[in-house]
Amino acid sequence: MPARLISPLWNSLALERGGAASLQDQIVGYFRDAVLRGRLKAGARVPSSRALAAEHEVSRITAVQAYDRLVAEGYLVARPGAGLFVADSVPDHHLLPDPAPARPSRPRPAAAGRPRAALPPLPAIPPRPSEVLPLSVGIPALEQFPWADWGRLSARLHRARAPELLGYGDARGEPALRRAIADYLGPARGIACSADQILVVAGAQQGIELIARALTRPGDTAWIEEPGYPLGRVALSATGLALAPVPVDAEGLDVAAGRRVAPGARLALVTPSHQYPLGALMSLRRRLALLEWADAADGWIIEDDYDGEYRYAGRPLAPLYTLDRADRVLYLGTFSKVLAPGLRLGYLVAPRDLVERLSALKTAADRHAPRLPQAVLARFIAEGRLAAHLRRTRTLYARRRLALLDALGRAAALVARESPPAGLHLVALLAGTGDDDAISRRALADRVHAAPLSRFYAGAPQARGFVLGFAGTPETEMAPAVRRLADAIAAVGAPRRARAQRASSAR
């Protein structure tokens, strides 16, 4: 991989000759500040000492000695034969903010016309690293992506050069893909539906937002699981809905509690086959109660079956959709967990009388999903390759799940929360007290992504711990990742214990 060159930022180095600080100190201070404030990114190459000396008219020895100090202090690292680079030793959460820009000497002229009205607050989007790290939740085994099959199908499609795939398409999705999904859902999930009930969407979040816009008005109330899917909350709140967190227990969403908390709700977002994040399977009693509520309240249910295909003992459970007799459930599936999130392809199964309304809103949102990937995926499913991929990954993920459970069993600071053998993640609770958010940030600096459980609560967190994905982490990396998480727990807890001891001594 070619080295990343820095921008001409280093040319902004302005040396003050004859000032209080030596030229060497000024050079060191400039680079140190640029690294700490994130203006020079980890891995960026810096100019050679010869180039720096020539550009800023200083002696070569001054430039060499300044760089030697920066290397000794850990800001730069030398790579033989390649040059000097910004070191990886400063985690993002230690970066300093840039100083506030100086105010202009002259006041800005007042804008013409009426003052701009205050905009509504943006929904809080949970942060996540852009790269795939050990224990990342929501990431399948990307190294197992069926590149060979996908490549052959893509090549066959491209050789055919079908011009219609380059034009505008049906907002509902490619007919071949909708037929393939309908044929797949019957044997795989027990869902009897036709292609004209299916809409292809850009992932689960777009499906949630489309349903909310189609079936509710701003100001209506939606039940959400507590704890629950953070980005599902974002999608619903973006449509102007008021959110009513409803507690989850071992049987899933507590419908009776929902009736008490928000009796006038019009929508419920649930994950009945494998509750996200706690992993509960919604009991039949609760499923029937939820369907009864929707029918009586003229409400709607979004069933997010994000990883329902993955169950490691017995057959996958039948979706809530299969019990619906009043057309109140809209079933949402995604290929992000089965294949790859980068595909941005999902689907929803809707009652026939709602398809036209949903299709119109889909057209308004983005017209339709990209056609070429849809055509490849249609062939991938129709030829049985998706079913084969699911069989392979189900075996792999069962091993990875056991590896994570084994690693957690040897970590005294963590307790694996009991859950059915299903899904792509586990919840590990803190054995004692602690700030899971602070621990998560510390672990992230050590290249482990342990999503804090507290962020999954819309209200006050009722438990502290971590939501840990195992699908995208090889078995050999599981134990080291859990050890680094345990180290982060110890590192964050040590200062807290020291402060408590000092306070106790003072009393």
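The values are calculated or read from the model by the stated rules, or taken from the named source; none is laboratory data. Values in this document were obtained by computation on a predicted structure and should not be read as measured data. With ideal geometry, Cβ positions are generated from the backbone for all residues, glycine too; neighbour counts draw on all protein chains shown.
Numbers below:
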| quantity | calculated |
| --- | --- |
| Conditions (1) in contact with a helix residue (DSSP H, G or I) (Cβ under 9 Å, 6 or more places away or on another chain); (2) modelled with pLDDT of 95 or more; (3) not in a strand (DSSP E or B): number failed by Gly432 | (2) |
| Of all residues making up segment 137-195, the number that are of a type in the set (A, V, I, L, M) and either closer than 30 Å to Ala428 by Cβ or within 30 Å of the chain's Cα centre (by Cα) (or both) | 16 |
| Leu414, sole failed condition from (1) surrounded by 18 or more Cβ atoms within 10 Å (Cβ to Cβ); (2) closer than 22 Å to Thr271 by Cα; (3) not basic (Lys, Arg) | (2) |
| Scan of segment 395-416 for residues that are assigned to a loop (DSSP other than H, G, I, E, B) and either touching a strand residue (DSSP E or B) at 6+ places or on another chain (Cβ under 7 Å) or of a type in the set (A, V, I, L, M) (or both), ordered by number | Ala411, Ala412, Ala413 |
| Search result, residues across segment 120-151 that are over 17 Å from Phe380 (Cα atoms), touching a helix residue (DSSP H, G or I) at 6+ places or on another chain (Cβ under 8 Å) and surrounded by fewer than 18 Cβ atoms within 10 Å (Cβ to Cβ) | Pro123, Ala124, Ile125, Pro126, Pro129, Val132 |
| Residue satisfying condition, being of a type in the set (Lys, Arg) and either closer than 23 Å to Gln275 by Cβ or at pLDDT below 95 (or both), within set Arg507, Arg483 | Arg507 |
| From Leu408, Leu377, residue being surrounded by 14 or more Cβ atoms within 10 Å (Cβ to Cβ) and not assigned by TED's automatic domain parsing to the domain that holds Thr216 | Leu408 |
| Residue count for segment 179-196, restricted to those that are free of Cβ contacts under 8 Å to residues at least 40 places away in the same chain and touching a strand residue (DSSP E or B) at 6+ places or on another chain (Cβ under 9 Å) | 1 |
| Subset of segment 431-487 (residues that are within 16 Å of Leu414 (Cα to Cα), of a type in the set (Ser, Thr, Tyr) and touching a Lys or Arg at 6+ places or on another chain (Cβ under 8 Å)) | Thr433, Ser454 |
| Identity of the residue in segment 444-462, without any contact (Cβ under 8 Å) to a residue 60 or more places away in the chain and closer than 15 Å to Arg417 by Cα, that ends up surrounded by the most Cβ atoms within 10 Å (Cβ to Cβ) | Pro452 |
| Those residues of segment 75-105 which are assigned to a loop (DSSP other than H, G, I, E, B), loosely packed, with under 11 Cβ neighbours inside 10 Å and at pLDDT 60 or above, in sequence order | Pro80, Gly81, Ala82, Pro97 |
| Residue selected from segment 26-74 under the condition exposed (fewer than 14 other Cβ atoms within 10 Å of the Cβ) and free of Cβ contacts under 8 Å to residues at least 12 places away in the same chain, by the criterion nearest to Ala87 (Cα to Cα) | Ala72 |
| The one condition in (1) within 20 Å of Arg455 (Cβ to Cβ); (2) in a loop (DSSP other than H, G, I, E, B) that Pro218 fails to fulfil | (1) |
| Count of residues meeting criterion [hydrophobic (A, V, I, L, M, F, W, C), assigned to a loop (DSSP other than H, G, I, E, B), surrounded by 17 or more Cβ atoms within 10 Å (Cβ to Cβ) and over 22 Å from the mean Cα position of the chain (by Cα)] in segment 242-279 | 2 |
| Total residues in segment 363-390, condition of a type in the set (D, E, K, R), assigned to a helix (DSSP H, G or I) and at pLDDT below 95 | 2 |
| All positions within segment 321-352 that are over 14 Å from Cys193 (Cβ atoms), part of a loop (DSSP other than H, G, I, E, B) and free of Cβ contacts under 8 Å to residues at least 60 places away in the same chain | Arg325, Ala326, Arg328, Phe335 |
| Residues located in segment 165-180, provided they are outside any loop (DSSP other than H, G, I, E, B) and not aliphatic (A, V, I, L, M) | Pro175, Arg178, Arg179 |
| Failed item, numbered, when Arg394 is tested on (1) surrounded by 15 or more Cβ atoms within 10 Å (Cβ to Cβ); (2) within 24 Å of Thr271 (Cα to Cα); (3) in contact (Cβ under 8 Å) with a residue 40 or more places away in the chain | (1) |
| Matching residues, segment 298-320, being free of Cβ contacts under 8 Å to residues at least 40 places away in the same chain and buried (at least 16 other Cβ atoms within 10 Å of the Cβ) | Gly299, Ile301, Glu303 |
